[in-house]
Amino acid sequence: ERGRARFNIFCAACHGRGGDGDGIVTVRALELQQGTWLKPISLHDKSVRAQPDGKLFNTITNGVRKMPGYASQIKPDDRWAIVLYLRALQKSRDGSIDIVPDNVRSTLRELN
């Protein structure tokens, strides 16, 4: 929960709440068509999924390309929580019902 909360505060504006690179800042920047905005890579991209957790932590800490570092704004424990939440987001895309605990499975509604 802490990772989700911190992700939504610090990351979702650009990366989107689902991690697809379609956050409100990105949408607005692309609407303005000024040519200086680079759409963030989807956090579900194979290249991101293949990164070790430590590299993701380092990216949050120090930034990469146009993304600034958040070392001064996000405590290390919260950066790790964001990494764990990101892994949960990634898993949610390709997971099956079999990975959902039995006690939670019964509360899910069927999606068609």
Check: From the list Thr61, Thr26, Thr107, which one is open to solvent by 70 Å² or more (accessible area, probe 1.4 Å) and polar (S, T, N, Q)?
Finding: Thr107
Notebook entry, point to check: Since Ala71 meets every condition but one in (1) modelled with pLDDT under 90; (2) surrounded by fewer than 15 Cβ atoms within 10 Å (Cβ to Cβ); (3) under 15 Å from Val83 (Cβ atoms); (4) hydrophobic (A, V, I, L, M, F, W, C), which condition does it not meet?
Noted result: (1)
Checklist line | In the range 60-79, the residues that are more than 12 Å from the chain's Cα centre (by Cα), not aliphatic (A, V, I, L, M) and not in a strand (DSSP E or B) | finding: Thr61, Asn62, Arg65, Lys66, Gly69, Tyr70, Ser72, Gln73, Lys75, Pro76, Asp77, Asp78
Check: Quick check, is Gly3 touching a residue at least 60 places away in the same chain (Cβ under 8 Å) and open to solvent by less than 40 Å² (accessible area, probe 1.4 Å)?
Finding: yes
Note to self: Pairs needed: first member in the range 27-46, on the phi < 0 side of the Ramachandran plot; second member anywhere, surrounded by 15 or more Cβ atoms within 10 Å (Cβ to Cβ) and modelled with pLDDT under 85; C-beta distance under 6 Å; at least 6 residues apart or different chains.
What the structure shows: Ala29/Trp37
Next item on the list: Residue by residue through the range 51-103, note down the ones that are of a type in the set (Phe, Trp, Tyr) and under 22 Å from Asp20 (Cβ atoms).
Entry: Phe57, Tyr70, Tyr85
Next item on the list: Select from the range 29-44 the residues that are surrounded by 14 or more Cβ atoms within 10 Å (Cβ to Cβ) and under 16 Å from Thr59 (Cβ atoms) and list them in ascending order.
Entry: Pro40, Ile41, Ser42, Leu43, His44
Note to self: Here is a check on your reading of the model: is Gly19 in contact with a Leu (Cβ under 6 Å, 6 or more places away or on another chain), of a type outside the set (Ser, Thr, Tyr), open to solvent by less than 80 Å² (accessible area, probe 1.4 Å) and at positive phi?
What the structure shows: yes
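The values are calculated or read from the model by the stated rules, or taken from the named source; none is laboratory data. Because the structure is predicted, anything quoted here is derived from the model rather than measured. Cβ coordinates were reconstructed from backbone atoms using ideal geometry, including for glycine residues, and neighbour counts include every protein chain displayed. Surface accessibility is based on the protein's heavy atoms, side chains included, excluding ligands, DNA and RNA. Shrake-Rupley method; radii C 1.70, N 1.55, O 1.52, S 1.80 Å.
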